[in-house]
Amino acid sequence: MKLIKCLSLLPRCVSPLQKCYSTELISLVGIPRVRITKGENRYLLVMIHTHGYTNFGRVIVRGADVDNHLKIFDSILEEMEPLGICSKCLGGGRILNDEGKKTIKIYGTSRTFGTADHRRTKNVLQASSTYRDFKISVKK
């Protein structure tokens, strides 16, 4: 009897795993987590996910030398929408990327999207193989 009760719970355990390894979610893995340019730039922290799977999203950082943060978000939408990926901006700021000294400073705010969680941005950058050896500092 206990075995039957345990087996009846199996679909509840397997269903979340099926969603986690769904083919729609695999497309998120191919998207680079960090894409920033050298020098002082504006950046955005963005949550991307497949439509309907908001619990299985991925946080990415995009930065560019542009006039405002909206241009960065527009380029993200142009990149993600053809793939069927939804984007939600979590905020923005500025990044000073000095590749010669291997330092990155994260600071500031976006007038359009508000302030990003700079510590979360730092974690995403440190997880990237490109910026793993960099000294990353956060200013408030």
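Residues of segment 125-140 that are aliphatic (A, V, I, L, M), out of contact with any Lys or Arg (no Cβ under 6 Å at 6 or more places or on another chain) and either in a strand (DSSP E or B) or surrounded by 15 or more Cβ atoms within 10 Å (Cβ to Cβ) (or both): Leu125 alone. With respect to the conditions (1) at pLDDT 95 or above; (2) of a type in the set (Gly, Ala, Ser); (3) surrounded by fewer than 20 Cβ atoms within 10 Å (Cβ to Cβ), Gly93 falls short on a single one, namely (3).
In the condition set (1) free of Cβ contacts under 8 Å to residues at least 12 places away in the same chain; (2) buried (at least 18 other Cβ atoms within 10 Å of the Cβ), Leu45 is compliant with all but (1). A count restricted to segment 99-123 and to residues that are over 18 Å from Asn68 (Cα atoms), surrounded by fewer than 18 Cβ atoms within 10 Å (Cβ to Cβ) and touching a residue at least 40 places away in the same chain (Cβ under 8 Å) stands at 3.
Look at (1) modelled with pLDDT of 90 or more; (2) under 13 Å from the mean Cα position of the chain (by Cα); (3) not hydrophobic (A, V, I, L, M, F, W, C) and you find that Gly30 fails only one, number (1). Checking each residue in segment 70-89 for being modelled with pLDDT of 95 or more, crowded, with 18+ Cβ neighbours inside 10 Å and among the aliphatic types (A, V, I, L, M) picks out Ile72, Ile76.
The values are calculated or read from the model by the stated rules, or taken from the named source; none is laboratory data. None of the values given here were measured: they were computed from a predicted structure. Virtual Cβ from ideal backbone geometry, glycine too; neighbours counted across all protein chains shown.
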